[in-house]
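Working notes, structure below.
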């Protein structure tokens, strides 16, 4: 499939990914701000504003709007990230103009009713509570908090009960007026699409949003963690734990990012052949899954390992993970053939990155947000090929830390904490109750 | 696309069974080898990749007490050693080729999926045909994988309120039929399944006459058929015992179960008995599902989450199974509300539909949503292969996935009302009410 490039249409950057085998259209309107603009005491404000857009405008009450969208067979959602808000829709091609008209309505004249804010506040708090049932999510949340400390990335985009309760309808109206403007909006379409559809979207935004400038935001880079910190999330009656081990790492824009990509694919990619999966699952049967991942954000990138063994194996699994990590760092874990394997995989699996128009659109947007070059997709294979095993081993010390890392474990304290501490001897241990994480 | 070798013809050992055209883009063909292996081809030339799925007509339905979970356990063992490839080779070769590989087991089926660049078609046929006949096992491998499966059970069931509740639902909704036990198996059985059990299972069910291969992608038909024939054509068919699955007696009384779990807020599951996937009422039940749960304007979602605001989430679906199965409703309540409030509202809404025929416009909305969802499930070659394989295995005919969409137009508001009155009644349901433990 051809990889399109961003095009300027009037003042907007636009992209069109065409494939006509299904009569479906996906569209994205991307605004260049997100939860990064939330006041500290009102975290969750941007997310609330986004959600309230779908709860009534001058022409439709919430109920009428939902009826209308379902009648069209459309999905319409607003997603808030740390640095972006995206309005995303998917619809049968024949109904696309009608969906754009609805988007125009909700952006031109949102009603922001007090009663809807209250409903949404209670719904969001209830959904936050549901997170208490997600052990993996809780362990990751504890990991993020310790890793990012006072940085914005330690927060939740949706806020928490305390901050949500402080948001007023005036805050919502002011936030909308300040940030939802034509300024730097990006338009993306994929599926059975045409240039005329881009025209329609661009005209719609021009009609319904003011042409005012939004101040650009810069942030400090995320803090580096110091020492080996164990965060233990205590939850009753667990027979299994979930743990994350990680630290800050190179951003995708770094000149050596491809070295790291290949290295982490060989060590802890989502492949069965990756060393971490082999050592934890295949050789020892300790867990159903064991892998590493990287979270790339505009102002920070983080690398971590994750697995979920039973209680009795947890201390050994953490200790082994740390040993593997050290071996990876000192160059004794991976051989040239492992690196070549990872390169082959990344090179040959490339078509699956671009096998649907929706995937291409999502990547183009993600790359835009991270400030990656326009040809990131097209040059991917060449960049993978260019990496050498020698180059990786020369730079390996830069990717990993010796002892500055966070280890978060969710489990039942009385059953396993002392074993873990004895095995890994952390510099600091922090115990948190699982309910405090929402 | 793999280049067409001139002069290639469909091999004699492969007979065409049927073909099917849907719209202007989709043309599928089904073939059968002499040994019973079925092959379905679905061309898609948009990207130089393909999906290769092998669907075995065996699932937890074919187990018995004492070896529950063996279908799923064996799925894991299929990635071990064969007479031609040592342990780990299968996965290594495919991942090195850029492949995405996985497998899944459920009540009625087990399938093995791979998505690969087109140049690897020969390799996947070689590897899959090899493990269809040459798997070898030893105690060390079995015990290592036993630990992995036990951990998977801890992850999916024992430490998961969702898994625990669904296990309880099926356990009580089915007292005789093999849908009674969980697909992953009881822990005591996972701990005791032995080599002999595994090899007997393998010899019987992993055979060409019990499998359907689905191939979707940028491949040439003649080359595909020649390759399939050369790798699979000589594999002997197996003797498969006649299924000895007990018929579930008609449920005439509501079953209600209470659980205390490590939950943040109450949650309730309702499972209503519905007919098998091939039954004529299933498309109507899909419309009923859409009317109650699909989209924010659907009746029960709106009532529970938006209007009465007692629930955080409310969803439902029809579980399409070879034998009569369940229409499941899953509601998570807000703190301060209880399961019975949700059940009362469900009953009220079902009664309302039973008493008042829905408007044609409401039904049309549901049909449009189903159409959108249908297209949404056909994005990648892997999506397409899964949908085709599922329909061929559970319905006995892949064409039903397209025909169901066309059938929707014929369903009337009265049909929907009748299906509600027939199936969505308390005496046909099993209810699992879960409340947070006192310590939670």
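A compact table of results
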| read-out | value |
| --- | --- |
| Matching residues, the stretch A:256-266, being more than 14 Å from every other protein chain (Cβ to nearest Cβ) and in contact with a helix residue (DSSP H, G or I) (Cβ under 6 Å, 6 or more places away or on another chain) | A:256, A:258, A:259, A:260, A:263 |
| Residue within the stretch B:287-294 that is outside any helix (DSSP H, G or I) and within 14 Å of chain A (Cβ to nearest Cβ) present | yes |
| Tally of residues being free of Cβ contacts under 8 Å to residues at least 24 places away in the same chain, outside any loop (DSSP other than H, G, I, E, B) and surrounded by 20 or more Cβ atoms within 10 Å (Cβ to Cβ) across the stretch B:151-176 | 4 |
| Among (1) within 26 Å of the chain's Cα centre (by Cα); (2) surrounded by 17 or more Cβ atoms within 10 Å (Cβ to Cβ); (3) modelled with pLDDT under 95; (4) within 14 Å of chain B (Cβ to nearest Cβ) - the single one residue A:345 does not satisfy | (3) |
| Residue in the stretch B:155-169 that is farther than 23 Å from residue A:132 by Cβ and within 11 Å of chain A (Cβ to nearest Cβ) present | no |
| Selection status of residue A:127, more than 18 Å from residue A:230 (Cα to Cα), at the interface with chain B (Cβ under 9 Å from one of its Cβ atoms) and in contact (Cβ under 8 Å) with a residue 24 or more places away in the chain | yes |
| Members of the stretch B:350-384 that are at the interface with another protein chain (Cβ under 8 Å from one of its Cβ atoms) and in a helix (DSSP H, G or I) | B:361, B:364, B:365, B:368, B:369, B:371, B:372, B:375, B:376, B:381 |
| Total residues in the stretch A:276-309, condition touching a residue at least 40 places away in the same chain (Cβ under 8 Å), surrounded by fewer than 22 Cβ atoms within 10 Å (Cβ to Cβ) and either under 24 Å from residue A:416 (Cα atoms) or more than 25 Å from the chain's Cα centre (by Cα) (or both) | 1 |
| Within the stretch A:317-334, tally of residues that are modelled with pLDDT under 95 and either within 14 Å of another protein chain (Cβ to nearest Cβ) or within 26 Å of residue B:44 (Cβ to Cβ) (or both) | 0 |
| Filter pass, residue B:218 being in contact with a helix residue (DSSP H, G or I) (Cβ under 7 Å, 6 or more places away or on another chain) and within 25 Å of residue B:389 (Cβ to Cβ) | yes |
| Conditions (1) in contact with a strand residue (DSSP E or B) (Cβ under 8 Å, 6 or more places away or on another chain); (2) within 9 Å of chain A (Cβ to nearest Cβ); (3) in a helix (DSSP H, G or I); (4) farther than 30 Å from residue B:181 by Cβ; number of the one not met by residue B:125 | (2) |
| The stretch B:41-65, subset more than 14 Å from every other protein chain (Cβ to nearest Cβ), out of contact with any helix residue (DSSP H, G or I) (no Cβ under 6 Å at 6 or more places or on another chain) and assigned to a loop (DSSP other than H, G, I, E, B), residue surrounded by the most Cβ atoms within 10 Å (Cβ to Cβ) | B:64 |
| The stretch B:332-349: number of residues that are facing chain A (nearest Cβ under 8 Å) and in contact with a strand residue (DSSP E or B) (Cβ under 8 Å, 6 or more places away or on another chain) | 2 |
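The values are calculated or read from the model by the stated rules, or taken from the named source; none is laboratory data. Note that the structure is predicted; figures quoted are calculated from it, not measured. Here Cβ is always computed from backbone atoms with ideal geometry, including for glycine, and neighbour counts include all displayed protein chains.
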